[in-house]
Amino acid sequence: MSEASDFRAGEWHFGSSKSPEEAAKRFLGEVSKAAARKPMGNALDEEAAVNTHKRLLGNYLYEMDKQAPGRMEMEVDEAFYDHRHWSQEESAILNERGQLDLVFNLIHTSVNWLLGKERRSRKDFKLMPRRKDGAHTAHRKTEFLRYLRDANHSHMAYSAAFAEMVKAGLSWLEAGYRSEDDGEPVYDRHESWRNVIHDSASREPDYSDARYLFRTRWTDVDLAMALFPERAGVISRATSGIYEFGLGGLDSYGDAAMDSHERMMTQGGGLYADSTLNYRERVRLIEAWYRRPVLEKWVAGGQFSGEVFDERSPGHLGDIAAGRATVVAKTRMRTHVAIFTSAGLIYLGPSIYRHNRFPLTPIWGYRRAEDGMPYGYIRGVRDPQRDLNKRASKALYLLSTRRAFVPKGSVRDMDEFREEAARPDAVIEFTPVAGMAPKIETDLQLAAAHLQLMESDAKMIQSVGGVTDENMGRQTNATSGRAIVARQDQGELATAILFDNYRFARMIHGEKLVVNVEQFITKEREFRITDQRGNPDYVVINGTSPEAVNIAAFKADFIIGEEEWRASQRQADLAILMEVLAQIAPQAPMIALAILDLVVEMMNLPNGDEIVKRIRQISGQTDPDADPDNPTPEMIEQQAVKQAEAQMQQRAMEAELAAKEAQAMELAAKARKTQLDADKTEASKAMEILAQIQTALTIATNLMQMPQAAPVTDRVMATAQASAAPLPQNLPTAASAAPQPALM
């Protein structure tokens, strides 16, 4: 199939029939031609752009209307956290009745426990390379992202987003890019649900199936015109002065939750509320991120597969040149951005982010099965909290008021009577009428019933919400440690879904940050890193020196460990491990020393990393999370110490073996010498015996010549044998050796 037919089919594989180098050059030439074309921003008043504006504005208004009931409920949820439990109408009725609108906010404490838990469980992330040779680059990229987190104060943004998700059920994190003269080019921050209108048809937790996303921002007109001077006419037509239209001066493209801050600006708060000196012209800008199918060039294969092809990316070009990836022209959903007012478009174009996702990431609390609308922790405990406040207000009212039954004409001044009857030491003077006296009653029993229901409501808030007294460290009827831990675990399980959703959103948000760093951080940078003790060090990236790695050359994945979000469970596990360690240590101290670093690592101690480091220096253990292909200076030093110790142990073993071998050789030599001495002794004895035998044979030979001398000779030999070494028992005597007479 030819390239032209491939293009008509919607897929054009650059490099399929040519070398990767030729394909890359060809594609870069086509990109240069496209960049020289007339930009889309000059045609915002043409029919296609006008139709785009109408469609986006229609989608925005449709979602505003559809989500209005749910957004009102979310606003009420946040009001309950802020101690606003009574509506203005309810407070007016109570005040007219003389009844206080009391607020005993148990929800506030429970929510604060969740928010405090998030702040105590903050943990670091890390980047894992997709290729083995990218391990060092991933390590440097992790350090740079941590630097950006500190520079952008991201921890506070994450906590603000988590708090809003717990209260209202939805919040957003933004991963974006800005000009370098405004600070760090890659940033992340929190965006409130009040300013965002989402696609109600989306059901995926990462928002990957959504078609559009709207964010609104009230902006001063002079600032908007300075940012978009070529669209000043459109901005002017949409301008509304905040004091021009009477009630609020706001347009009809927002709701109470979205415009609450702007409405507070329009309401006077002092003597100069009507002064024209405070006049500010404001305009509502609506930012739309939307997806539509277009023919685009994508990276297929390799580390960066699925990203929009970027001719400036060394990672993209490197994978293509190495043959690991190709560039594919294919019709897919492409993210675009538009900024408009009610009067028309002021910007329109494709997204600058090559990850092709929305820059805003949702953090969902709970979602209704019917329509997917979010709600938070407060929604389930709102009713018992409202009932508790009403019971408290009613009980106080009953205890503070009295009913009086007064016969007509028995009291001269009724107002004076009411005032006196309300006093605890009242003295009431009356005129008897037909034997009847005024009767004063109080509803003490009914007040006690309300107080009992208040206690039930307080327990219900804990039962429904899941944050128990054990979680908050209060004294309860649970006496054993296991019972307390069991109830704490129950509270952990009841709220685990909120932390799991938060962790997932942080993962998706981190993935976008990584791509933005790989895309926009291309110049040489020197940045500061610090250890746990705050000691600074300075690292260079994207430089020409050998140690300055190019962080855009390799792809990395954003990882947050699941166990990092289970702080309470870790504490329970640590308590069990400490008990086991106390039993093992007396019997097997080496085992206790071998796992001591892991035990201390589980503890939330100041300078915990330094303590673990020193323990590992003594025990010789290594960091299980360390990258063996990218050792740290501490790991190199520890390996050198281990090698030196191993060499010393080897030499000691060799010396000990040599000493044992020398001792064995000495013992063998002594044994041989002893054997030789024994052999010499035996040989001497044998020579003596042979000499005696020879002497006996000589004597026997002589006796054969002189038989009559044999008896004398035997006696001499017997005497000699008694004083000499023993001879063989079968040695012949002289008498036996002498010839015997023949027998007849």
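The values are calculated or read from the model by the stated rules, or taken from the named source; none is laboratory data. Being a predicted model, the structure only gives us computed values, none of them experimental. As a convention, Cβ positions derive from the backbone with ideal geometry for all residues, glycine included, and neighbour counts pool all protein chains shown.
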Take the residues in the stretch 202-226 that are in a loop (DSSP other than H, G, I, E, B) and of a type in the set (S, T, Y), then tell me which one is farthest from the chain's Cα centre (by Cα). S202
For the stretch 293-310, which residues satisfy the criterion of being within 12 Å of M333 (Cβ to Cβ) and either over 30 Å from the mean Cα position of the chain (by Cα) or assigned by TED's automatic domain parsing to the domain that holds R130 (or both)? P293, V294, L295, E296, W298
Evaluate the stretch 166-173: report whether one residue or more is in contact with an Asp or Glu (Cβ under 7 Å, 6 or more places away or on another chain), in contact (Cβ under 8 Å) with a residue 60 or more places away in the chain, within 28 Å of V381 (Cβ to Cβ) and among the hydroxyl-bearing types (S, T, Y). yes
Does at least one position in the stretch 264-273 carry a residue that is modelled with pLDDT of 90 or more and either surrounded by 15 or more Cβ atoms within 10 Å (Cβ to Cβ) or part of a loop (DSSP other than H, G, I, E, B) (or both)? no
Give the residue, chosen from A696, A738, A710, that is at pLDDT 65 or above and surrounded by 10 or more Cβ atoms within 10 Å (Cβ to Cβ). A696
If we ask which residues in the stretch 206-240 are touching a strand residue (DSSP E or B) at 6+ places or on another chain (Cβ under 6 Å) and within 18 Å of W289 (Cα to Cα), their number turns out to be 9
Would you confirm whether or not the stretch 120-135 contains a residue that is in contact (Cβ under 8 Å) with a residue 60 or more places away in the chain, in contact with a strand residue (DSSP E or B) (Cβ under 7 Å, 6 or more places away or on another chain) and over 20 Å from M507 (Cβ atoms)? yes
